[in-house]
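Just below is one structure, and these are the notes that go with it.
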Amino acid sequence: MEEKTGFFQSGRDYESRYVNHRYLSYEKKILSQYESVDYFSPHSKVYKEWVAKQPARFEWDRWVTMGCIGFLVGLTAFVMHQGISLISESMHEVALNQIEESKIGEGWAVLTGISIILVLLSSSIVVIWCPAAGGSGLPELIAYLNGTNVRRIFSLKTYVVKFISCLLAVGSGLPVGPEGPMIALGGLIGASVSQFKSKVLKLDIALFKRLRNSEDRCQICSN
């Protein structure tokens, strides 16, 4: 049974700052989809004894991880930049050919039509295939860095959909840029590659198990 409140009663968005918010059932359902992440190592006696027994190491695994992340982020940015340039140049070349033939109206119609198709494709794949890839991705990334584990923001599907959606949206001529999604994609790559484990790709490199904890993952993602 859905709880009901009056317009000025406790539990509404419009309420006094001196009143504690009372969560409704649908709000509790939304909050149940998120969980807190513990970034701090459990410095218990057992943990300290375990650390003392570990051999000295030169952090080679962390350097290899950072190198892989830097390469993949750079490759992603390069491919996206080239793809956006290719789409934009192709669109304007088609329109320019129409204008040179004194078909200004047809040139405008072709340019507008292609832009609409690209925008529809960009939004459709997000809505239908992966809603978690919607928007810039920065709010979700900031939430994760502040201790909230948001579901599906670091999946391979999110990476593919966000990349393609951003490529089509920017290439279509919308007044948007790739800066926000690129930051989110960089964080996604950092958080995912640092684990060297993937069920989709059937990958599990045991040499990097030491980095599979919330603290290291957050630090690498933020870098």
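The values are calculated or read from the model by the stated rules, or taken from the named source; none is laboratory data. As the structure is a computational prediction, the values presented were derived from the model and not from experiment. Heads up, the Cβs are rebuilt from the backbone with ideal geometry, glycines too, and the neighbour counts pull from every protein chain shown. For the accessible areas, the whole protein counts, side chains as well, though only heavy atoms, and no ligand, DNA or RNA atoms are used. Shrake-Rupley method; radii C 1.70, N 1.55, O 1.52, S 1.80 Å.
Protein chains only, probe 1.4 Å: how do Trp108, Trp60 rank by accessible area, largest first? The partial results should precede the final answer.
On the way: Trp108 175, Trp60 110 Å².
The residues order as Trp108, Trp60, largest area first.
How much accessible surface does Leu120 have with a 1.4 Å probe, in Å² rounded to 10?
100 Å²
Using +1 at the C-beta of Lys and Arg and -1 at the C-beta of Asp and Glu, which of Ile114, Phe163, Ser192 has the Cα lying farthest in the positive direction of the dipole of segment 66-223?
In segment 66-223, that residue is Ser192.
Could you give me the radius of gyration and the Dmax of segment 64-185, taking only the C-alpha atoms into account and expressing both in angstrom?
Looking at segment 64-185, its Cα Rg and Dmax stand at 17.1, 59 Å.
If each of Val64 and Ser198 carries a label point 7 Å out from its Cα toward its Cβ, how far apart are those two points in nm?
Taking the two extended label points, one gets 1.7 nm.
To the nearest 20 debye, what is the magnitude of the charge dipole of the chain about its Cα centre, counting +1 on the Cβ of each Lys and Arg and -1 on the Cβ of each Asp and Glu?
Working: 23 positive and 20 negative charges, 267 e Å.
My answer is approximately 1280 debye.
Grab the alpha carbons of the chain, take their convex hull, and tell me the volume per residue in Å³. Let's see the in-between values first.
Working: hull volume 45.9 nm³, N = 223.
Expressed per residue, the convex hull around the Cα atoms of the chain is 206 Å³.
Across all directions of projection, what mean area in square nanometres is found for the Cα convex hull of segment 102-149?
Mean shadow area of the hull around the Cα atoms is 4.4 nm².
Compute, for Ile164, the solvent-accessible surface of its heavy atoms (probe 1.4 Å) with the complete set of protein chains present, and express it in square angstrom to the nearest 10.
In the full protein context, Ile164 sits at about 70 Å².
Over segment 112-223, with the other protein chains present, what is the accessible area per residue in square angstrom, probe 1.4 angstrom? Each step should come with its number before you reach the end.
Details: 5860 Å² over 112 residues.
With the other protein chains kept in place, segment 112-223 gives 52 Å² per residue.
Check Ser194: other-chain or 5+ apart residues with amide H under 5 Å from its amide H, H built from backbone geometry?
It is none; the list stays empty.
To the nearest 10 square angstrom, what accessible area does Arg217 show with a 1.4 Å probe?
Per-residue accessible area (Arg217): approximately 60 Å².
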